[in-house]
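Working notes for the structure below.
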Amino acid sequence: MVGSFSHELILSLSVFQEICSEYTEVDLCIMDIALYLAGLGLLFFLWVKGKGLEYVIVHHRWIFVCLFLLPLSLIFDIYYYLRAWMVFKMCSAPKLHNQRVKQIQKQVQDWKKEGAKTFMCTGRPGWLTVSLRVGKYKKTHKNIMINLMDILEVDTKRQVVRVEPLVSMGQLTALLNSIGWTLPVVPELDDLTVGGLIMGTGIESSSHNHGLFQHVCLAFELVLADGSFVRCTPTENSDLFNAVPWSCGTLGFLVAAEIKIVPAKKYVKLHYEPVQGLAKICETFSLESSKKENDFVEGLMYSMDDAIVMTGVLTDEAEPGKVNSIGNYWKPWFFKHAESYLRANRGETEYIPLRHYYHRHTRSIFWELQDIIPFGNNPVFRYLFGWMVPPKISLLKLTQGETTRKLYEQHHVVQDMLVPMKYLKKAIKVFQAEINVFPLWLCPFMLPSQPGMCHPKENQAELYVDIGAYGEPKQKCFEAKASTRHLEKFVRDVHGFQMLYADCYMSREEFWEMFDGSLYHKLREQLNCKEAFPEVYDKICKMARH
């Protein structure tokens, strides 16, 4: 029996040797690598099985992100890029747009025929939005499917681009820049959509000259609560035009928008100026924000006393050796690159290709990615895997378990507070006392005196600043609800505003103390929205999201 087994083993080994002799050294090397990777995969699977998937996602999130979400995000990007390219080349979007709008109208009319038993909302899944939370109302309201994600027309004579609401900033700048045009205001992250930037708000470092994203929009097209179609401009249905921004889809369904475009230039000549001391930081930032000759102004505060103030000018010419294509995947993250000038304590000027500048914070999601992939800015990681970065915010939300959500809620802050520039110094002190998060993003914007939910206290335009806090609070006594409410109260007291994508802990009365609801409520009454859509507060308050 033993002899028979030995004989079979010898035969098997000889057969294996014959097979191996047919392979080259390269083939064997590839086999070794494949076996090694398979072994690693098996060990990882056993480790995940032993620890539990939830444990790995919560305590070692970078593993899950690197192995699964980065490849998935890349596939998403490739799909949407190819789709947008084909649609534009075939000119199919304008032909299909009217048909799609009629389908939306039919859905609204069917809702009415069925008795209008619940409120309506868009059927887009909550995890696809850029806000950190998912609206609970999606499960209880009538979902109206709005599949509108294409660029409809670029009219260079009128200097207008007409787009559907789900067109993203990345999609729009890729097309416009390729034909020599751009938007006056381009909010940084690729995945931000036109609809979200209109129904919510959007800002960019050019906003000190052009205002918020809503202020470069020339027309909105909506389907109303009764299923009718309406177009509104500053002169046609002007009340509705002014009430739509910040309304979060509670006056009607946005189906198209016309946005102003301007000729593009090749580069942004960007100057980095390190500034020390809070008083000097606020003085320098305020001064540069008031200069119309600056096309772009931005500040990054790395501590209470250290900041980089950046000013940019559009240009077609660049000095030799000073072009920095900061958007390339192997380049350092932008906020780290800017910090290097602060550490060296020297000013510097360089030329950044226009689209690279627009999306300078995309790869690192400002600085949020350092908390998800701690080694993400390491040169080795950037060169090997940087081409897959960043993971989609929507996929990060989709794969969050309840434990991760609770951890983020209690130990993570994402807020944008808009305050008058004259209160900048005081505001930074309040941010430091309540949450102590750095870096802080500073972005100036001019807020015109126009009707609507968001306008200056006095009857004239005023310079404001967006203070963005994204990260883990270092304040020992931080408590999400109490600390955020203190911030909200300060912002209300100085006649500022809170961006509505973030967690809002205000009561209804406090919310309408911050925002002017006079025109909004008037339109809600006139257009019979009260039975069709929830009030904006009921969509954005903390209780409405999870």
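The residue that is farthest from LEU442 (Cα to Cα), among those in region 239-287 that are hydroxyl-bearing (Ser, Thr, Tyr) and in contact with a Phe, Trp or Tyr (Cβ under 8 Å, 6 or more places away or on another chain), is THR250.
Here is a list: LEU148, LEU176. Which entry is over 24 Å from ILE104 (Cα atoms) and either in a loop (DSSP other than H, G, I, E, B) or aliphatic (A, V, I, L, M) (or both)? Answer to the selection: LEU176.
Take the conditions (1) over 25 Å from GLU462 (Cβ atoms); (2) in a helix (DSSP H, G or I); (3) at pLDDT 95 or above; CYS529 misses just one of them, which is (2). Just the residues that are buried (at least 23 other Cβ atoms within 10 Å of the Cβ) and within 12 Å of TYR464 (Cα to Cα), please, taken from region 435-446. Across region 435-446, the qualifying residues are LEU442, CYS443, PRO444, PHE445.
Yes/no matrix, rows are residues, columns are (1) among the polar types (S, T, N, Q); (2) buried (at least 16 other Cβ atoms within 10 Å of the Cβ); (3) under 27 Å from PHE296 (Cα atoms); (4) not assigned by TED's automatic domain parsing to the domain that holds VAL134:
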{"position": "ILE428", "(1), (2), (3), (4)": "no, yes, yes, yes"}
{"position": "PRO451", "(1), (2), (3), (4)": "no, no, yes, yes"}
{"position": "PHE490", "(1), (2), (3), (4)": "no, yes, no, yes"}
{"position": "PHE511", "(1), (2), (3), (4)": "no, yes, no, yes"}
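Hey, could you check region 115-130 for residues that are of a type in the set (S, T, N, Q) and not in a strand (DSSP E or B) and say which is farthest from ASP416 (Cα to Cα)?
Step one: filter region 115-130 for residues of a type in the set (S, T, N, Q), giving 118, 122, 129.
Now drop any that are not not in a strand (DSSP E or B), which leaves 118, 129.
Values: THR118: 32, THR129: 17 Å.
Ranking the qualifying residues of region 115-130, first place goes to THR118.
Within the bounds of region 405-414, is there any residue that is under 30 Å from PHE76 (Cβ atoms), buried (at least 22 other Cβ atoms within 10 Å of the Cβ) and not assigned by TED's automatic domain parsing to the domain that holds GLY277? The answer is yes; a qualifying residue exists. With respect to the numbered conditions (1) assigned by TED's automatic domain parsing to the domain that holds ARG133; (2) surrounded by 15 or more Cβ atoms within 10 Å (Cβ to Cβ); (3) among the basic types (Lys, Arg), which one is the sole condition not fulfilled by LYS530? (2) is the only condition that LYS530 fails.
Taking LYS157 as the residue in question, decide whether it is in contact with a Gly (Cβ under 6 Å, 6 or more places away or on another chain) and charged (D, E, K, R). Here the answer is no, as LYS157 does not meet what is asked. Taking the numbered list (1) under 21 Å from the mean Cα position of the chain (by Cα); (2) at pLDDT 90 or above; (3) closer than 16 Å to PHE64 by Cβ in turn, TRP387 passes all entries but (3).
Filtering region 494-509 down to residues that are touching a residue at least 12 places away in the same chain (Cβ under 8 Å) and more than 17 Å from ILE467 (Cβ to Cβ), which residue is surrounded by the fewest Cβ atoms within 10 Å (Cβ to Cβ)? Full working, then the answer.
Kept after step one, since they are touching a residue at least 12 places away in the same chain (Cβ under 8 Å), are these residues of region 494-509: 494-506, 508.
Within this subset, residues satisfying the condition of being more than 17 Å from ILE467 (Cβ to Cβ) are 505-506, 508.
Working: TYR505: 18, MET506: 22, ARG508: 11.
Top of the filtered list is ARG508.
The set of residues in region 388-417 being within 14 Å of ARG61 (Cβ to Cβ) and of a type in the set (S, T, N, Q) consists of THR399, GLN400, THR403, THR404.
The values are calculated or read from the model by the stated rules, or taken from the named source; none is laboratory data. Since we're looking at a predicted model, the values are computed, not measured. Virtual Cβ from ideal backbone geometry, glycine too; neighbours counted across all protein chains shown.
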